[in-house]
Amino acid sequence: MSAKTRSARLTVLGLTVPGLLGLAVSFVLPLAWLLRMSFNRGDSTGYIEETFTLDSYAQFVGDSYYWDMAWETTLLGLGVTVLTIVVSYPIALFLVRTESRFKGILVALAVAPLLTSSVVRTYGWLVLLGNQGVVNQALMGAGLVDQPLALINNRIGVYIALVEIMMPYMILCLLAGFGRFNQELEHAAQSLGANRWRTFWRIVWPLSMPGVLTGALLVFVLTISSFVTPRLVGGGKVFYLATEIYDQATATLNWPFAAAIAFILLALFAVVIVIYQRALRRIEAQ
Amino acid sequence: MSFLQLDDIVKKYPGAERPSVADFTLGIDQGEFVSLLGPSGCGKTTTLRMIAGLVEATSGRIHLDGKELTRTPVHQRGMGLVFQNYALFPHLNVARNVAFGLEMRRTSKAEAKRRVEEALDLVRLGHLSGRRIKQLSGGQQQRVALARALVIEPAVLLLDEPLSNLDAKLRDTMREEIRSIQRKLGITTVFVTHDQDEALAVSDRIVVMSEGVIEQVGTPEQIYEHPANRFVANFIGRANLFDAQITHTAGGVAELDVAGLGQMRAVDDQGAKGPATVLVRPHRMQVSKAAADDAHGTVETVVYVGDSIEYGVRVGDNTVSVQSVAGAAERLERGTTVRLSWQTEDALVLT
Ligand SMILES: Nc1ncnc2c1ncn2[C@@H]1O[C@H](COP(=O)(O)OP(=O)(O)OP(=O)(O)O)[C@@H](O)[C@H]1O
Ligand SMILES: [Mg+2]
């Protein structure tokens, strides 16, 4: 190894160590502590017995109630991800294509919601979707429905609010992922006989796949770990893994069980990340 | 009506003050290789894209083989396009790129395979059909782009500065290759370039454009030897342009009073009168040593370029370029006072 590459390696090391240390202290250690906690025995009195048992995991696996909850959580993750792609894609495509001088401003506007906390935006949706909310007032005013639709305190509301909250993330990922795309490729496809529809499916969509995948991963993970929105819009009537962790930790005071659910959620993340990696490698191998 | 006929084509982009292309009328015969040549921004790409259908003409009409296609959408025009940046599909390999147009036409698998192989062999890339686009050199990408456009057997092949991203040597090879493929297939071709050497070397006819209008249409020889005006003379090859006053014209030869040079003669096709411009190419100028009181000007620069020597001669406020064959005559030093002259048939009166 030459002196040059050795000093380059030292530089890399020097630059990464602080970050790695920070990560260790703020992420790995608490996680290890949480893992240890999940093997303790707890009960609903809040008493925690220091031991090493798989009781908490067994309780989860042995109860179809929790299986349903895990299924609903996965479904929420998938559903919100797909819906977010569907509504964000046209916006991102427009932003990539536009030659407007306001392009910069338009992009900023599309991601501006990130400037407000998702708690605030969740309250916004409560106001919009409630029985007296704008949406129901408009529907009834237009005579489309006689009674207000139940849009909050149920799963529908959670989906609607989460999709909107996730859109800016998805749009950002899509914009970044359009790197290999330029409009000349569409022109080339058209000159070779492809109409708009085929140009989209054969050229635009495949080229946007890296962005779609990254966005999907991010949105899925953010969705299944989100707590505030399902909690508030769900009105405590719908249950997902994240809300259950909160309930177990704060209401039931069964910390070992809460920790075990947290690790089951983490396992779900791991599965999704493996799928993402596989998919990404497949597109890149093309 | 020619095979590809453009009539009074105008393109004014929204918001633009002037049209980018104006009153463009041109007929191109089947199998002809026509270049659109002009400085940057003169409307070459715009014109090509109107033929392709990628840009909609503001007014005017385009006919192909007698059928109007002014309003035909791009994907139904069946023209082969090669873009400046090649626009190859990065997610498809070489063979799938070339096959794309055939897939759109729902050509059978077997036939598509055969034609893709043929097209790749034509551009001598048969051995790279499985490669990814990323793994190709610029010249190879260029060939793939050409194969992809040719495989659909287009009525017209449109090339927009296809060589401008290649290095000088490769550019020369590729232009010969494009030309020989074009001859072999007999395909009608419109070739956009801002490189006059390129246009002169490959074209059957050249269309010289400036600021959206056609300045001259002609064979390379016509354009070079008989430029229609000052713009064309200046743009094609190097040119000395002299202000002159025509004193007498007879039998296609004008007697002139040329500023700084005195009485001279030049070919005059048009029988012009009064003030005129005279064109003499640098290599047709002759220069000889003269006594100061008899001289036209002074040698200001001497540049030795191998086979020839280029002199810059100061005449009044202007600099005249003279190119003489090295070794053929006595080499002149800077500061030498000289006389300039030319053969009558080497000078042309422009209007
Ligand atoms: N999409 C567009 N919108 C507005 N104006 C345009 C557009 N495309 C081109 N123009 C203008 O039209 C004129 C002609 O452009 P065009 O691209 O046809 O030139 P060109 O001859 O191909 O130049 P170059 O050699 O630089 O490629 C230019 O003044 C250009 O600014
Ligand atoms: Mg151009």
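Assorted remarks:
- Distance (nanometres) between label positions extended 7 Å along Cα→Cβ at A:Arg101 and A:Thr53: 7.2
- Cβ neighbours within 10 Å from other chains - mean over A:180-189: 6
- Measuring r between the beta carbons of A:Phe269 and B:Arg114 and using R0 = 56 Å, the FRET efficiency lands at 0.70.
- Residue-by-residue Karplus 3J(HN,Hα) for region A:47-59, coefficients 6.51, -1.76, 1.60, Hz, glycine and proline x: 6, 10, 9, 5, 7, 9, 9, 9, 3, 4, 5, 4, 4
- Distance between the 7 Å Cα→Cβ label points at A:Leu114 and A:Val61: 4.0 nm.
- Heavy-atom accessible surface of the protein assembly as shown: percent carbon and sulfur, 1.4 Å: 57
- Here the relative contact order of region B:4-230, from alpha carbon pairs under 8 Å that lie six or more residues apart, stands at 29 percent.
- The calculated FRET efficiency for the pair B:Gln286 and B:Asn165, based on their C-beta separation and a Förster distance of 45 Å, comes to about 0.65.
- Cα gyration tensor, chain A - rounded (a/c under 1.5), prolate or oblate: oblate
- Taken about its Cα centre, chain B carries a charge dipole of about 1960 debye when Lys and Arg each add +1 at the Cβ and Asp and Glu each add -1 at the Cβ.
- Packing-based ranking of B:37-49, B:7-19 yields B:37-49, B:7-19, ordered from highest to lowest mean Cβ neighbour count within 10 Å.
- HN-Hα J in Hz across region B:275-289 - Karplus 6.51, -1.76, 1.60, θ = phi - 60°, x for Gly and Pro: x, 8, 10, 10, 9, 9, 5, x, 7, 9, 7, 10, 9, 8, 4
- Simple label model, 7 Å out from Cα along Cβ direction - A:Val127 to A:Ser7, nm: 6.0
- Sequence-distant residues sharing a close amide H with B:Leu36 (under 5 Å, placed H): B:Phe191, B:Val192, B:Thr193, B:Val207
- For residues of A:116-125, the mean tally of beta carbons on other chains within 10 Å: 0
- Calculated mean residue ellipticity, 222 nm, chain B: -7000 deg cm²/dmol, from DSSP H runs (n ≥ 4) at -39500 (n - 2.57) each, averaged per residue and rounded to 500.
- Amide proton proximity set for B:Val156, modelled H, under 5 Å, gap of 5+: B:Gly80
- Amide H to amide H, with H built 1.01 Å from N, B:Gly297 comes under 5 Å of B:Val338, counting only residues 5 or more places away or on other chains.
- For region A:132-286: rounded, prolate or oblate by the Cα gyration tensor [a/c cutoff 1.5]: oblate
- The mean sequence distance of close C-alpha pairs (under 8 Å, at least 6 residues apart), as a share of the length of region B:238-350, puts its relative contact order at 31 percent.
- Of the peptides B:89-99, B:58-68, the order by per-residue mean of other Cβ atoms within 10 Å, starting with the highest, comes out as B:89-99, B:58-68.
- For chain B, modelled as a GNM whose springs connect Cα atoms under 10 angstrom apart, the maximal fluctuation among B:Ala233, B:Ala155, B:Ala87 occurs at B:Ala87.
- Three-way shape label, region B:4-230, alpha-carbon gyration tensor, a/c 1.5: prolate
- Cross-link table B:Lys11/B:Lys113; B:Lys12/B:Lys67; B:Lys113/B:Lys184; B:Lys169/B:Lys289, entries beyond 30 Å C-alpha to C-alpha: B:Lys11/B:Lys113; B:Lys169/B:Lys289
- Along region B:205-211 the Karplus relation, 6.51 cos²θ - 1.76 cosθ + 1.60 evaluated at θ = phi - 60°, assigns HN-Hα couplings of 9, 10, 10, 8, 10, 8, 6 Hz to successive residues, with x for each Gly and Pro.
- Pairwise FRET efficiency - B:Arg331 versus A:Trp201, Cβ, R0 = 56 Å, nearest 0.05: 0.20
- Rounded to the nearest 500, the helix-only mean residue ellipticity at 222 nm of chain A stands at -23000 deg cm²/dmol, with each DSSP H run of n ≥ 4 adding -39,500 (n - 2.57).
- DSSP finds beta bridges in chain B, and of those with both partners inside it, around 75 percent are antiparallel.
- Partner chain coverage, peptide B:98-105 - average Cβ within 10 angstrom: 4
- For A:Trp205, net neighbour charge (Lys/Arg +1, Asp/Glu -1) across residues whose Cβ lies under 13 Å away: +3
- Basic side chains Lys and Arg get +1 at the Cβ, acidic Asp and Glu get -1 at the Cβ, and with that the dipole of region A:56-285 about its Cα centre reaches some 720 debye.
The values are calculated or read from the model by the stated rules, or taken from the named source; none is laboratory data. What you are looking at is a predicted structure, and each value in this text was computed from that prediction instead of being measured. All Cβ positions, glycine included, derive from the backbone under ideal geometry; neighbour counts span all protein chains shown. The accessibility values were calculated without ligands, DNA or RNA, using every heavy atom of the protein model including side chains. Shrake-Rupley method; radii C 1.70, N 1.55, O 1.52, S 1.80 Å.
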